[in-house]
Structures are given as structure tokens and as C-alpha cells.
Amino acid sequence: LLRHKNYKRRDMSNDIALLELNDPVQCSPYIQLACVADAILGVSVSHDNNCWIAGWGATSAKDQKSSDHLQEAKVKLINTKLCNSSRWYAGEIHTHNLCAGYPQGTIDTCQ
């Protein structure tokens with residue numbers, strides 16, 4: 001496990017890690033390879049594209065415990081100003097975060 005060198009648990013900044021597996025991943029209808037956004041390679045994150053998120057984080061807004069199972073979901077990017085509005089995350093989303101999910105709620109990058 002290689003965590004981002006600037007990861008801060010306090011505010012979850014740079015909340016990303018690289019995980020090396022002991023065995024190669026066997027792709028299936030349920031397991032697929034993913035593209036990572038990289039401006040150098042011409043792959044960018046766009047509000048028009050679906051994004052896939054994955055992690056072991058909380059699965060509900062009030063849940064303080066991480067999941068034992070890797071979770072994944074398809075989401076859309078959401079404008080950071082909307083995410084930081086008083087009705088949503090009230091300024092908690094930083095410039096190093098992507099806000100993604102659905103305006104009606106239920107699934108987002110925080111749960």
C-alpha cells in the first residue's frame with residue numbers, strides 16, 4: 001500500500017493510494033480495468049463523462065466505520081461551488097477534491 005505523500009486524515013486531503021496486488025486481476029463482467037485521468041496522456045475528467053469511484057469508506061452520511069468490502073459506484077462530476085453551498089458540504093470541499101455524485105443525493109464521493 002502506497003499512500004499519497006501529502007495525505008491528511010484530519011481533512012481527508014489527498015485521499016488516494018496505490019495498492020499492489022499479489023496476483024494479477026482476472027477481468028470479468030464484474031471486474032474491469034479503469035482509466036485514471038492524466039492530462040499528459042490526454043485523459044481528462046469532464047462533467048459530460050461518467051466517473052467511477054471506489055473505496056472502503058463510509059457507506060452512509062452518519063456512518064463512522066469503513067466498509068469491509070470494496071465499494072464502487074458510477075457518478076457524475078458536480079460543480080465545486082454547488083458542493084460547497086450551505087445546503088451541501090458548506091465549504092468542506094477543497095481544490096484538491098473532486099465533488100462527484102448526484103444532486104438528489106444517495107451516492108457521492110464522500111459516502
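What's the ranking of 22-33, 91-102 by average number of surrounding C-beta atoms within 10 Å, highest first?
On the way: 22-33: 6.8, 91-102: 15.3.
Listed from highest to lowest mean packing, they are 91-102, 22-33.
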Which order do peptides 4-17, 66-79 fall in by mean Cβ count within 10 Å, highest first? 66-79, 4-17
Could I have the simple spin-label model distance between Met12 and Arg87, label points 7 Å from Cα toward Cβ, reported in nm to one decimal? 2.1 nm
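Each reported figure results from applying straightforward, stated rules to the coordinates on display, with no laboratory input. This one's a predicted model, so the numbers in the text were calculated from it and none came from an experiment. Cβ coordinates were reconstructed from backbone atoms using ideal geometry, including for glycine residues, and neighbour counts include every protein chain displayed.
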